[in-house]
Amino acid sequence: MEYLPDRNSRYKDVDYWDERYKTEHSFEWFGDFSKFQHLLQQHVMKDDAILVLGCGNSSMSSDMYDAGYRSITNIDYSSVCIDTMSARHDATCPGMTWHQMDARQLSFTDASYDVVLEKGTLDAMLVEEKDPWKVSSETACLIDQISRVLKPGGRFLSVTFAQPHFRKRLYARHDYGWSVCTRSYGDGFQYFLYVLTKGKELSPEDATLERRLLEEAQDPPNEVRTQEADTEAFLDCIDL
């Protein structure tokens, strides 16, 4: 890959993305909108107010706009990305907005959106997490922000390569006030769409998982499984 960084931690570096977006026209993590549109349309209504986190230079937002989703707010912490995407789509997607913003510090008021959607953004932010069973306060802050801006009954949709065995440990928590549903797509290599609905209870299975994790946190095991070394490009295989 032309834009592959020399180490995984660079995926969290805004300077890396600024430089990449200066020359890269478009890139689709986990395939374009058509790959998971059949799943998304089951959970997102055409008149929903939608917030896209870490929009990047993906065509997903414009593809959604063309499919009839018109109330779309896009954020990315790269100003280069936002300037480029705004100039590219303002004329063809009137009403769709673009803002330079850190997803961990959303400036929107509580209960602002029916849908918060991310595709690969959280995966990029998790690259420096050394223990897949626990995450840093920085990552937890992001999830808190997402839960905060969702309306009652709103949905957080997360598109990722992370299997439920790992990602449910982050999402299945009573504090966020949502239920967790998992769907998958892809031929051969499977990607996942997590649908978290604000105001619904965790399933008995997910509630049991949360209790077990809390118990483990109080009495941690002697051996901790870690992710790959920082030089291993674990994001290499995530586009279709």
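Under 1.5 on a/c is rounded, so check that first for region 1-137, then, if it is not, pick prolate when a/b is larger than b/c and oblate when it is not; a ≥ b ≥ c are the square roots of the alpha carbon gyration tensor eigenvalues. Write down the numbers at each step before the final one.
Numbers: a/c = 1.57, a/b = 1.30, b/c = 1.20.
Cα axes put region 1-137 in the prolate bin.
Split the accessible area of the chain by element, probe 1.4 Å, and carbon with sulfur accounts for 48%. Think of each Lys and Arg Cβ as +1 and each Asp and Glu Cβ as -1; about the Cα centre, that makes the dipole of region 1-43 roughly 180 debye. Computed about the Cα centre, the dipole magnitude for the chain is approximately 800 debye when only Lys and Arg (+1) and Asp and Glu (-1) carry charge, each at its Cβ.
Between the listed residues F30, G54, V115, the Cα displaced farthest toward the positive end of the dipole of region 16-126, a dipole computed from Cβ unit charges relative to the Cα centre, is found at F30.
Based on protein heavy atoms only, the chain ends up with 48 Å² per residue of surface accessible to a 1.4 Å probe. Here the chain is scanned for chymotrypsin sites (Phe, Trp or Tyr not before Pro) in DSSP loops (not H, G, I, E, B) that have at most 13 other Cβ atoms within 10 Å, and the longest stretch holding none of them is 4-188.
Counting Lys +1, Arg +1, Asp -1, Glu -1, what net charge surrounds C93 among other residues with beta carbon under 13 Å of its beta carbon? Intermediate values should be presented prior to the final figure.
Values: positive: R70, R88; negative: D63, D66, D90.
Local net charge: -1.
Only DSSP H runs of four or more residues enter the estimate; each adds -39500 (n - 2.57), and after division by the residues of the chain the mean residue ellipticity at 222 nm equals -9500 deg cm²/dmol. Over all other residues within a Cβ to Cβ distance under 10 Å of L142, the charged ones net out to -3, with Lys and Arg as +1 and Asp and Glu as -1. Among M64, H89, L142, flag the residue with its Cα farthest along the positive direction of the charge dipole of region 27-173, charges on Cβ as +1 for Lys/Arg and -1 for Asp/Glu. Ranked along the dipole, the leading option is L142. Rounded to the nearest 20, the Cβ-based charge dipole of region 50-133 about its Cα centre (Lys and Arg +1, Asp and Glu -1) stands at 200 debye. If a/c stays under 1.5 just call it rounded; otherwise compare a/b with b/c (prolate if a/b is bigger, oblate if not). Do that for region 81-192, with a ≥ b ≥ c from the square roots of the Cα gyration tensor eigenvalues. Because a/c hits 1.5 or more and a/b exceeds b/c, region 81-192 counts as prolate.
The values are calculated or read from the model by the stated rules, or taken from the named source; none is laboratory data. For clarity, every value in this text was computed on a predicted model and none was experimentally measured. All Cβ positions, glycine included, derive from the backbone under ideal geometry; neighbour counts span all protein chains shown. Surface accessibility is based on the protein's heavy atoms, side chains included, excluding ligands, DNA and RNA. Shrake-Rupley method; radii C 1.70, N 1.55, O 1.52, S 1.80 Å.
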